[in-house]
Amino acid sequence: MTQTPNNLLHGVTLEKLLNELVEHYGWDGLAKRIDIRCFKSDPSIKSSLTFLRKTPWAREKVEALFIQLRQRQG
């Protein structure tokens, strides 16, 4: 069995990840960092989750931003 103690995404749902990013950056801050329409036009957790679950490239960008945030919080 492989342990992944340094995987900052381990055990974090997409919804929890997105909520944490919105709490930290706000919708405007997310839209400035990641150019995705669901963060700019009438943003909501539900619509963003729907889009991110269907769009791998966008999800990767959001996950990378989350990892960056967690590493800074250290």
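Are there any pairs with C-beta distances below 9 angstrom linking a residue in segment 10-39 that is within 16 Å of R53 (Cβ to Cβ) to a residue that is open to solvent by 80 Å² or more (accessible area, probe 1.4 Å) and of a type in the set (D, E), with the two at least 6 apart or on different chains, and if so which?
F39/D28
Which residues, counting only those in segment 37-50, are under 11 Å from the mean Cα position of the chain (by Cα) and open to solvent by 30 Å² or more (accessible area, probe 1.4 Å)?
The answer is I45, and nothing else.
Just a yes or no: is a residue in segment 26-36 in a loop (DSSP other than H, G, I, E, B), open to solvent by 100 Å² or more (accessible area, probe 1.4 Å) and not aliphatic (A, V, I, L, M)?
Quick first cut of segment 26-36, residues in a loop (DSSP other than H, G, I, E, B) only: 34-36.
Pick out the ones that are also open to solvent by 100 Å² or more (accessible area, probe 1.4 Å) and you get 35.
Next, from what is left, pick out any that are not aliphatic (A, V, I, L, M): 35.
Yes.
Looking at this structure, is R53 out of contact with any Cys (no Cβ under 7 Å at 6 or more places or on another chain), in contact (Cβ under 8 Å) with a residue 24 or more places away in the chain, of a type outside the set (A, V, I, L, M, F, W, C) and surrounded by 14 or more Cβ atoms within 10 Å (Cβ to Cβ)?
Values: out of contact with any Cys (no Cβ under 7 Å at 6 or more places or on another chain): yes; in contact (Cβ under 8 Å) with a residue 24 or more places away in the chain: yes; of a type outside the set (A, V, I, L, M, F, W, C): yes; surrounded by 14 or more Cβ atoms within 10 Å (Cβ to Cβ): no.
When the stated conditions are applied, R53 does not pass them.
The values are calculated or read from the model by the stated rules, or taken from the named source; none is laboratory data. Please read these numbers as outputs of a predicted model, since none were measured by experiment. For neighbour counting, all protein chains shown are included, and Cβ atoms are generated from backbone atoms with ideal geometry for every residue, glycine included. Ligands, DNA and RNA are excluded from the accessible area calculation, which covers all protein heavy atoms including side chains. Shrake-Rupley method; radii C 1.70, N 1.55, O 1.52, S 1.80 Å.
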